[in-house]
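J.: I am attaching a structure below and will ask some questions about it afterwards.
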Amino acid sequence: MGSARGVRGMKRRSPFAGHVLRTMMVAACLSIASGCSRNVDPNEPMEPIPPTTLRVENQAFLDMTIYVYRSTQRIRLGTATGNSVTRLRIPANLIFGATSLRFQADPIGSTRSSISTEISVAAGDEVMLTIPPS
């Protein structure tokens, strides 16, 4: 008669048992989360993201003005000299995660120009563009 058994033969829980269990679970989760975090010194500089570049291999004789398109926005990156390899920096404000970009090579002194297909670019990538001989 001194036993604390319920209707189904199980022991009755204390009204505080659920609260204690919940508190212990929250404490365990917080200790695991704090172990995964990293202490950041506000005076320590963050690791720099390398610049995002476009490597243009211009196999054509004419120099090319290179543009980048992001949706409807067109920005001039620079000039790729004929029969040479040129590296141009893509502005960081155009890149948000993986961003779809198009590139245009506009020959100086000619009316022919071509636009690339969409290319997915992330910060720090080097995109390669080859302009074939005309």
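Each value in this text was obtained by applying a stated rule to the coordinates, not by laboratory testing. Nothing here was measured: the structure is a model prediction, and the numbers come from that model. Cβ sites come from the backbone with ideal geometry, for glycine too, and all protein chains shown count toward neighbours.
J.: Over the Cα atoms of the range 56-116, Rg to Rh with Kirkwood Rh, two decimal places? Each step should come with its number before you reach the end.
T.: Details: Rg = 11.9 Å, Rh = 12.1 Å.
My calculation of the ratio gives 0.98.
J.: Hey, another quick one. Return the long-range amide H neighbours of ASP125 (sequence gap of 5 or more, or a different chain), with a cut-off of under 5 Å between placed amide H atoms.
T.: It is THR53, by chain and number.
J.: Please list, in order along the range 106-114, the HN-Hα scalar couplings obtained from phi with the Karplus expression 6.51 cos²θ - 1.76 cosθ + 1.60 (θ = phi - 60°), rounded to whole Hz, x for Gly and Pro.
T.: Going residue by residue, I get 10, x, 7, x, 8, 9, 6, 9, 9 Hz, with x marking Gly and Pro.
J.: List PHE61, PHE103 from most exposed to least, where exposure is judged by having the fewest other Cβ atoms within 10 Å.
T.: Values: PHE61 10, PHE103 22.
Least to most surrounded, the residues fall as PHE61, PHE103.
J.: Now for a separate question. GLU57 to SER114: extension gain in nm, 0.36 nm per residue of separation minus the Cα-Cα distance?
T.: Numbers: separation 57, 0.36 × 57 = 20.52 nm, distance 1.45 nm.
Length gained, GLU57 through SER114: 19.1 nm.
J.: For the range 58-75 and the range 77-109, compute the distance between their C-alpha centroids and round to whole Å.
T.: So the separation of the two Cα centres works out to 6 Å.
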